[in-house]
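Here's the structure, in structure tokens; my notes come after.
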Amino acid sequence: MRLHTSFRVGGPADTFVKPKNVADLKRVLILARSWGKPITVVGAGSNLLVRDGGIRGIVVRVGEGFGEVGFEGSGLHAGAGLKLPALVLWAATRGLAGLEFAAGIPGSVGGAVVTNAGAFGGSIADVIRAVTVVDPGGEEHAFPKEALGLVYRGSRFRSDKEFILTGARFELVPDRPDAVLRRLRTNQEARRFTQPVQTRSAGSIFKNPPGDYAGRLLDACGCKGLSVGGAQVSEVHANFIVNLGEASAGDVLRLIEELRSRVEERFGIHLELEVEVLGED
Ligand code: EPU
């Protein structure tokens, strides 16, 4: 799984499948059911920490086969496997505003919806209208925004793994392409100064606790530069752990526990993970 995550850590999947389309995905689901194999769905792998023992059963990557994008009614439709940066650029060059907050978020559309990805005061919840999903029996359904349970960095799909996201519909606002592109560039620049964008990581490790920032708390506890094996707290942003090259998931998890206990001891705040941890030790 290290090949399929931006963190570049994690053991093997028993079986790794990249369906080409919804029909293909349905076949995988039906086979998995008849074999009694569990399914784990992943997207671009940019918010994942896979443990060193890897993942049992079938890992389904919703990727290239679900990469379509186009106008749909007054909005636009994007496949769950489309990379978010591609969607952001597609909309900007056509003069559609609203996704500028997502400049530089590296995930897939599906992953972004599941985690209600956000930055710079915006999030997927501001622009999404509906999603299409496939249930474990291979049946397709559509859910409106109100049924998605969108909260800060989460949705019903983060805990309810029954449905597999295949696409999403967004409602954006017409604007001049050059104005949208300018705002995109501004946000991208801001990221470059405040986050270790060139290094292997999974983005923010912890959610921000109510009324505060995980990065501020970790920084105040002197965590920047702290390391376990090949995993190190970024010197740029204390809520990022970077893989210096040969980190194991075990290194990252031990570092996470150290960070948690420091913040708990000093501030009495328990930090909740923002990254999704999958697999076995
Ligand atoms: N701060 C420090 N030290 C640090 C890092 C941050 O003191 O090492 C302070 C900053 O000075 C600032 C505050 O903490 O006062 C917040 O920092 P920042 O503006 O960098 O934003 P953040 O809350 O840490 C959030 C998202 C990011 C998103 C940025 C940009 C979460 C957990 N993180 O970071 O999302 O890119 O805002 O808007 O909500 C992600 O989810 O993976 C992610 C990168």
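What follows draws every value from the coordinates through simple rules; no lab data is involved. Model, not experiment: these values are computed from the prediction. In this analysis, Cβ positions are derived from the backbone assuming ideal geometry, glycine residues included, and neighbour counts consider all displayed protein chains.
In deg cm²/dmol, rounded to 500, what helix-only [θ] at 222 nm does the chain give when every DSSP H run of at least 4 residues adds -39500 (n - 2.57) and the total is split over its residues? Write out the running numbers ahead of the final one.
On the way: 7 runs with 78 residues, N = 281.
It lands at -8500 deg cm²/dmol.
Relative contact order for the chain: what percent, with Cα pairs under 8 Å and sequence separation of 6 or more?
20 percent
Would you please put 227-233, 172-178, 132-138, 92-98 in order of how densely packed they are, using the mean number of other Cβ atoms within 10 angstrom per residue and starting with the highest?
Ranked by mean Cβ neighbours within 10 Å, highest first: 227-233, 92-98, 132-138, 172-178.
Provide the net charge surrounding residue 138, with neighbours chosen by a C-beta distance below 14 Å and charges set as Lys +1, Arg +1, Asp -1, Glu -1.
Neighbour charge sum, excluding residue 138 itself: -2.
Using a Gaussian network model of the chain with C-alpha springs under 10 Å, which one of 154, 36, 65 is most mobile by mean-square fluctuation?
Highest fluctuation among the options: 36.
List the pairs from 83/224; 26/161; 20/161; 18/83 whose alpha-carbon separation is above 23 Å, in the order I gave them.
Working: 83/224 30 Å; 26/161 16 Å; 20/161 21 Å; 18/83 15 Å.
Violating the 23 Å Cα-Cα cut-off are 83/224.
How many percent of DSSP beta bridges within the chain run antiparallel, rounded to 5?
Once the DSSP bridges in the chain are tallied, antiparallel ones form about 75 percent.
Take the Cα gyration tensor of the chain, multiply each eigenvalue by 5, square-root it, and list the three semi-axes largest first, rounded to whole angstrom. Before the final figure, lay out the partial values.
Working: eigenvalues 175, 131, 50 Å².
So the equivalent ellipsoid measures 30, 26, 16 Å along its semi-axes.
So for the stretch 17-137, averaging the separation of alpha carbon pairs under 8 Å that are six or more residues apart and normalising by length, what relative contact order in percent results?
23 percent
Give me the percent relative contact order of the stretch 197-281, please, defined on Cα pairs under 8 angstrom at least 6 residues apart.
This gives 34 percent for the stretch 197-281.
Could you please report the charge total around residue 39, scoring K, R as +1 and D, E as -1 over all other residues with beta-carbon less than 10 angstrom from its beta-carbon?
For residues surrounding residue 39, the net value is +3.
Looking at the P(r) of the stretch 1-112, how many percent of alpha-carbon pairs lie beyond 17 Å?
Result for the distance tail: 58 percent.
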